[in-house]
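Each value in this text was obtained by applying a stated rule to the coordinates, not by laboratory testing. All values reported here derive from a predicted model rather than from experimental measurement. Methodologically, a virtual Cβ is constructed for each residue, glycine included, from the backbone with ideal geometry; neighbour enumeration extends over all protein chains shown.
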Amino acid sequence: MDIRSKARTLSGSLDDPQKLLKWNYDGSSTDNISKWEERVCINSGRKFFKPKVSGSITPAVGMLFKSFDEAFAFYQRYALAAGFSARKNTSWKNVCGLVKIRYIVCSKEGFHVSKEIDSGSVENSKTIVRRNRGSKRVGCNAHVKLILENNNMFKIYYFEEEHNHIFVEDEDIHFLPAARSIDYVKESFISGLSAINIGPVKTFNIMKTMYGGFGEVGASKVDCKNYRRDLNLYIGEYDAEMVVRRLIRKKECCPGFTCDYVIGEDRRLKGLFRADEQSKKKLYSVW
């Protein structure tokens, strides 16, 4: 049994315990001192955890960002270093429709609300069975609030650092959604192997061997299967959005690659241009 105690000296006598001030004690004597700081509320008995992260990547009130995407990327780096995932949340617009306030919260913020399914529809008369899935949300209140200043820069005006859950250990960081991604190289590898009837699971095992372990791949088997699913949908339905997204990823990966596209008033793809480095050289040689 782990018993901890802490004493406090009062300035005078009290006749009613309800008059005691709210007092918390930290968990600095626990084994997790290197990863987070633990605090326990005496009144409620609830535990709160504050990550220990380098000050250079820790958000602070007054920080300015050129865009909300830049602020979200900064908070994502902080979340990965701390051992949790973040997601975008509430936004508030002014009367002109301009987004003035944005929230970034912990992925465990709030609680899961089950949605009822109407199984008595005419199109599908069979009973719809939904698989029970455990919720990862525990009502965590850690978040950051940003406001759009007059200079068109987002400013942090509130930062709640404490969580009500522990964090992911360093050796398991690669399991977090923010640490997993299918970049252009992996997309090309999965597409190439699928052409010779090698499935996404075997493809992941090959990449695991090539990268030196599943923790170094930067993606999971589920991510590979999801990309293969999206690829099949693209092949079957010619999804223009996926084509554009794939070309943009290639542009980020290959500096010599150029792409551009045009969208009409009906939000449909009207034109698409792509050229790699070899195509540019041929074009320049003609002119």
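Things worth noting here:
- Amide H within-cut-off set for His143, under 5 Å, with H built and near neighbours excluded: Glu160
- Protection proxy ranking, peptides 221-231, 205-215, average beta carbon neighbours within 10 Å, highest first: 221-231, 205-215
- J(HN,Hα) series, region 37-44, from Karplus relation 6.51 cos²θ - 1.76 cosθ + 1.60, nearest Hz, glycine and proline x: 9, 10, 10, 10, 7, 5, 5, 9
- Karplus 3J(HN,Hα) series, Hz, for region 182-189 with 6.51 cos²θ - 1.76 cosθ + 1.60 (x for Gly, Pro): 9, 7, 5, 5, 5, 4, 5, 5
- Sequence-distant residues sharing a close amide H with Ser107 (under 5 Å, placed H): Ser85, Ala86, Arg87
- Global form of region 152-287, assessed from the alpha-carbon gyration tensor, a/c cut-off 1.5: oblate
- With the highest mean first, a sort of the peptides 61-72, 271-282, 182-193 on other beta-carbon atoms found within 10 angstrom per residue produces 182-193, 61-72, 271-282.
- Taking amide H positions as modeled 1.01 Å from N, with prolines and chain starts lacking one, the residues under 5 Å from Lys100 and 5 or more places away or on another chain are Trp92, Lys93, Asn94.
- Flagged links, alpha-carbon separation over 32 Å, of Lys155/Lys186; Lys47/Lys208; Lys202/Lys250; Lys52/Lys100: Lys155/Lys186; Lys47/Lys208
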